[in-house]
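See structure below.
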Amino acid sequence: MLTKPSFHIILLFFSLLAPAAEARDPQKILDFAHHLYAEKDYYRAITEYKRYLYLAPDARAAPQAALGIAESYLAGERWDQADQALQKIAADYPGSAAAETALLLQGDVALQRGDAQLAARRYARAAEELSGEAAAAALYRQGWALIQQARYPDARQILQTSAHPGAAELASELDELEKLPRKSPALAGTLSSVLPGTGQLYAGRPRDAAMSLLLNAAFILGAVESFENDQHVLGGILLFFEAGWYTGNIYNAANSAHKFNRDQRARAEQSLRDRFGLTLGRVGKTPMAGLTFRF
């Protein structure tokens, strides 16, 4: 018969065992990992997903846990690790829903890290291998990747084949991007080679035009006056610096035209993003997260 102190010791022993057993319950670990991800505690979430895979490597939810690791890396902007994790999912769980999602997310990694060309190729591959909503999402994202490269006709063609909501309307808006006013860098440079500052004025930068004209005029007039006063050394020095200002004036005019075109395009694309947006992340009934993309 147990004495009262012995009974209390046994109760204490089992009470200590309960939390330890619960800590090794794979489902609770997975739930906790999801919770950490939802709280944007991505690096702790990765640890818990890995713990789950260690304890239950053959469980039905193992591919989703592996996907959770990749998505955590992606959300934490650890691009290389995200890429590696996504490739591992395709190798370890071929044919699974997680592998299909990983295919789409590989494009997201490239797009988020600023490699629009690689993103477009990855989305094209995903669109070929996926179906339904996921394929439509891949085409829509491919369209945005092409827009980022200013490949508007290609983007329109891709978007017109996507069943994603808003894809057709976005495709129709690309006509306006192609009609944006543009300045010719070659013409701007030529103008400034004839008369410094005129290329900048053509490119819509009157202050730069005035500065270029005044500086070049000052050096030329100074050199002429120096030669007229038999100060040949000073005149040569001024001409030397004028040659630099003159050449710089031409390059500046061409760059001003490039900047004008970039600014026009950036404003128009920002307007499209504000209206249509792009949400990255898993496509399906239970998306883990949405990443609003801004480039």
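The values are calculated or read from the model by the stated rules, or taken from the named source; none is laboratory data. These figures come from a predicted structure and were not determined experimentally. All Cβ positions, glycine included, derive from the backbone under ideal geometry; neighbour counts span all protein chains shown.
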Could you tell me which of the residues Ala209, Ala217, Ala268, Ala254 is under 30 Å from Gly166 (Cβ atoms), surrounded by 13 or more Cβ atoms within 10 Å (Cβ to Cβ) and not assigned by TED's automatic domain parsing to the domain that holds Gln148? Ala268
Among the candidates Ala217, Ala268, residue that is closer than 30 Å to Ala145 by Cα and of a type in the set (A, V, I, L, M): Ala268
Sole miss for Ala163 among (1) of a type in the set (Gly, Ala, Ser); (2) buried (at least 20 other Cβ atoms within 10 Å of the Cβ); (3) more than 30 Å from Ile220 (Cα to Cα) is condition (2)
Please give the number of the condition Tyr202 fails out of (1) surrounded by fewer than 17 Cβ atoms within 10 Å (Cβ to Cβ); (2) at pLDDT 75 or above. (1)
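So that you can scan it fast, the table gives a plain yes or no per residue for (1) under 19 Å from Ala97 (Cβ atoms); (2) aromatic (Phe, Trp, Tyr); (3) in the same structural domain as Leu74 (by TED's automatic domain parsing):
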position	(1), (2), (3)
Glu128	yes, no, no
Ser131	yes, no, no
Ala134	yes, no, no
Trp144	no, yes, no
Ile147	no, no, no
Ala150	no, no, no
Gln160	no, no, no
Of everything in segment 164-199 that's among the polar types (S, T, N, Q) and modelled with pLDDT under 85, which residue is farthest from Thr279 (Cα to Cα)? Ser193
What about Leu191, is it part of a loop (DSSP other than H, G, I, E, B) and in contact with a helix residue (DSSP H, G or I) (Cβ under 6 Å, 6 or more places away or on another chain)? no
Suppose we keep only residues that are of a type in the set (S, T, N, Q) and surrounded by fewer than 19 Cβ atoms within 10 Å (Cβ to Cβ) within segment 50-89. Which one would you say is farthest from Leu103 (Cα to Cα)? Gln81
What residue, of Ala145, Ala120, Ala138, Ala127, is modelled with pLDDT of 95 or more and either polar (S, T, N, Q) or buried (at least 24 other Cβ atoms within 10 Å of the Cβ) (or both)? Ala120
From (1) within 34 Å of the chain's Cα centre (by Cα); (2) at pLDDT below 90; (3) of a type in the set (D, E, K, R), pick out the condition that doesn't hold for Lys50. (2)
Looking at (1) modelled with pLDDT under 85; (2) in a helix (DSSP H, G or I), can you tell me which one Asp230 breaks? (2)
Given the residues Ile220, Ile250, which is the only one that is in contact (Cβ under 8 Å) with a residue 40 or more places away in the chain and either assigned to a helix (DSSP H, G or I) or under 30 Å from Glu100 (Cα atoms) (or both)? Ile250
